[in-house]
Every structure is written in structure tokens, then in C-alpha cells.
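Asks: If you scroll down you'll find the structure; I have some questions about it.
Laboratory data are not the source of any read-out in this text; all were calculated from the coordinates shown. Small disclaimer: the values here were computed from a predicted structure and weren't measured. Positions of Cβ are backbone-derived with ideal geometry, glycine not excepted, and every protein chain shown enters the neighbour counts.
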């Protein structure tokens with residue numbers, strides 16, 4: 001697979017405009033800080049309640065990765081597939097890598113922007129956050145979420161099917177870690193999810209900066225590798241691979 005800067009730049013500009021003009025995306029993106037703000041207003045004196053700050057940050061970060069990163073990338077790739085845009089590009093001078101980069105980068109950038117907004121709204125003290133670790137974990141987790149979303153979009157017949165198929169991933173990767181502290185079974189499952197690692201990291205910040213374990217980093221890297229391998233296999237099986 002080859003990649004050229006001018007084609008990739010043109011595709012990136014096109015994708016950014018397409019995404020930012022999409023009403024469904026705008027609503028979904030607005031829901032991320034909107035829900036965090038709504039939940040914050042429900043509690044009094046959030047600044048002195050570290051447990052609530054941790055919950056708000058964890059909720060917002062996970063929601064951003066799943067809704068903006070995974071869910072929307074699934075529907076957008078399914079739309080390209082449904083409208084034959086994907087196959088048209090693959091049979092033109094656009095390489096597979098150029099198309100994939102143009103899909104991943106916009107959602108990665110927008111997901112991270114949503115997370116930055118959530119940090120401010122949650123009331124979490126920035127000094128409590130180990131930003132080098134936070135950035136690394138968020139980058140790997142968001143990238144994994146986006147690739148999984150694209151995988152869902154690739155195996156779905158249309159946008160509606162992609163939305164429906166994404167619900168299972170929403171349940172697993174968002175709801176399980178969010179409510180893992182209420183159930184031991186969910187807590188054990190969460191330890192092997194990349195969003196569970198995010199949840200553990202944020203909980204550690206609330207407890208004075210507890211470091212992540214080696215297992216957490218292995219889960220992050222393993223999840224990303226598995227997502228990439230699965231996507232490549234399905235991508236080639238569907239005949240979209242070009243030189």
C-alpha cells in the first residue's frame with residue numbers, strides 16, 4: 001500500500017468537512033460534554049467530591065471514545081460502503097492506506113477534543129492527572145475504538161445495520177467499565193477491556209495517582225493489535241485491498 005501526501009491531505013479535508021456537516025455526528029458529539037455537564041449540575045459542591053469527579057471524567061472519556069470514536073466511525077464507513085464510495089475510491093488512484101488514514105485521523109482528533117472538554121467540565125483537578133500516562137492511554141484506547149468501529153461498519157450492510165451492530169460494543173466497552181464497581185463479575189470483565197484500563201487509570205488519579213499495572217498496558221496493546229489484525233483480515237476478504 002502506498003501513500004502520497006497530497007492525496008491524503010485532500011481526503012482528510014474532505015472527511016473533516018463531511019463529518020462536521022453531519023447532523024447525527026454533531027448531536028452525538030454534543031451529547032458527550034452535555035451529559036457530563038448535566039450530571040455535574042445534579043451534584044452540589046463537586047469541587048470537594050473527588051469520587052464524583054472521577055465518575056464524571058470516567059463517564060465522559062469512555063462515552064467520547066465509544067460514541068464519537070467507535071459508533072460514528074462505524075456509521076461513516078458503512079455509509080461509504082453502502083453508497084459504493086469506498087469501492088469507487090479503491091478502484092481509483094486512492095490507496096487503501098490513504099483511505100484508512102483519512103478515516104482514522106479525523107475521528108481520533110475529534111475524540112481527543114471531546115475528552116479535553118470533558119476534563120474541564122468534570123471538575124477534576126488537572127494536577128491530579130498524570131498527563132503523559134493519560135495521553136498514552138487515551139491515544140491507544142481511542143485508536144482501538146475507532147478501528148473496532150470501522151470493523152463494525154465494514155461487516156454491516158448499511159448505516160442502520162452498523163448502528164444496530166454497534167450496540168453490543170457500546171454495552172461491552174462502555175457500560176461494563178462504567179458500572180464495574182457495582183458488580184464483581186463486571187469488575188473482572190472490565191480488567192480485560194481497553195475501556196476498563198481507562199477506568200482504572202482515572203480511578204487511580206482520584207486516589208492519588210496509583211500507577212497502572214503491566215497487565216493494563218498489555219490489555220491496551222493486545223486490544224489494539226487484535227483490532228488491527230481483525231480489520232485487515234475482513235478488509236482484504238471484502239476485496240477492498242489495492243496496491
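Asks: Could you calculate the FRET efficiency of residue 210 with residue 116 from 1/(1 + (r/R0)^6), where r is the beta carbon distance between them and R0 is 22 Å, rounded to 0.05?
Replies: Using R0 = 22 Å, I get an efficiency of 0.45.
Asks: Can you give the angle from 0 to 90° between the axis of helix 96-122 and the longest principal axis of the chain, with both taken from C-alpha atoms, to the nearest 10?
Replies: Computed tilt is about 20 degrees.
Asks: While we're on this one: Could you give me D for the chain, from Stokes-Einstein at 10 °C and 1.306 mPa s, where the hydrodynamic radius is the Kirkwood radius over C-alpha pairs? Units µm² s⁻¹, please.
Replies: Translational D for this selection: 86 µm²/s.
Asks: Moving to a separate point now. Evaluate E = 1/(1 + (r/R0)^6) for residue 13 and residue 226, where r is the Cβ-Cβ distance and R0 equals 22 Å; express this FRET efficiency to the nearest 0.05.
Replies: 0.10
Asks: Relative to a virtual label point 7 Å from the Cα of residue 187 in the Cα→beta-carbon direction, which members of segment 193-218 show backbone nitrogen distances below 19 Å?
Replies: 193-216
Asks: Determine, for 117, 182, the number of other Cβ atoms within 10 Å of each Cβ, and report the residues in order from fewest to most.
Replies: 182, 117
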